[in-house]
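Presented below is the structure to which this report refers.
None of the figures in this text is laboratory data; all of them are computed from the coordinates on show. A quick note: this is a predicted structure, and the numbers were derived from the prediction, not measured. Note: ideal-geometry Cβ built from the backbone for every residue, glycine included; neighbour counts use all protein chains shown.
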Amino acid sequence: MSRPTKDQLAAAHGVTIPDVIAPGLDVLFCGINPGLYSGYTGHHFARPGNRFWPALHRAGFTPRRLAPSEQHLLPRWGLGITNLVPRATAGADELTADELREGGEALTRRVAEFRPAVLAVLGVTAYRQAFGRQRARIGPQSDEVAGIPVWVLPNPSGLNAQWSADAIAGELERLRNRNWEPVIEDG
């Protein structure tokens, strides 16, 4: 697929892409919302420069680096993808606090229905807003969503410069190995 034009990206604003989900997954990854590139392609974490797919492989979740167009293969390894907010935007800063809270409620219903072993939310700020956990940090959480353990991961977007691809892969590997030392919130 060739790179989209500016007009094609603009037309992807508000588009939704389907979840990659099945009952009983080992890990359900939850992004904030699709970017315009993902909206255009119909694939999660599709923008070149997004570190999700390389980090997922480096952490040992997949036997090779998958392309976003291969997202349908994830359930064979017990993995899935969803989003807090389904609509594509140019940036997560376009989302409202209400959308994130409503997204948290909808995510809770999906988790209750599909019962993954772990919910892994990619983006600490969005997690804080969606679930009212203002002191949450990257790593395993002391709370659960629909009775399912939660692990908060760094946002793999190339715009998140404070986390390198290696650091993201390291946190994903910690999750894969269930190095579970819950974060204790203050207050």
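At a threshold of 8 angstrom on Cα-Cα distance, excluding pairs fewer than six apart, so keeping six or more, what relative contact order does the chain reach in percent?
26
Which Cα, out of Ser69, Asn177, Ser164, lies furthest along the positive dipole direction of the chain (beta carbon charges, K/R +1, D/E -1)?
Farthest towards the positive pole: Ser69.
Mind checking the stretch 91-137 for trypsin sites (Lys or Arg not before Pro) that DSSP puts in a loop (not H, G, I, E or B) and that have at most 16 other Cβ atoms within 10 Å?
Here the trypsin sites (Lys or Arg not before Pro) that fit, given the DSSP loop and packing criteria, are Arg135, Arg137.
Treating the beta-carbon of each Lys and Arg as +1 and of each Asp and Glu as -1, no other charges, what is the dipole magnitude of the chain about its Cα centre, to the nearest 20 debye?
Here the size comes out at about 540 debye.
Hey, what did the stretch 81-187 get for relative contact order, percent, Cα under 8 Å, at least 6 apart?
It comes to 24 percent, rounded to a whole number.
Run the numbers on the stretch 1-103 and let me know its relative contact order in percent, using alpha-carbon pairs under 8 Å that are six or more apart.
Computed value for the stretch 1-103: 39 percent relative contact order.
With a 10 Å Cβ neighbour count serving as the proxy for reagent exposure, in which order, fewest first, do Asp19, Asp98 appear?
Lowest to highest Cβ neighbour count: Asp98, Asp19.
Give the label of the value calculated from the structure for Cα extents along the principal axes in Å, choosing from (i) 51, 45, 32; (ii) 50, 39, 32; (iii) 46, 38, 34.
(iii)
Name the residue from Leu95, Gln141, Gly14 whose Cα lies farthest towards the positive end of the charge dipole of the stretch 6-176, charges +1 on Cβ of Lys and Arg and -1 on Cβ of Asp and Glu.
Among Leu95, Gln141, Gly14, the one farthest towards the positive end of the dipole of the stretch 6-176 is Gln141.
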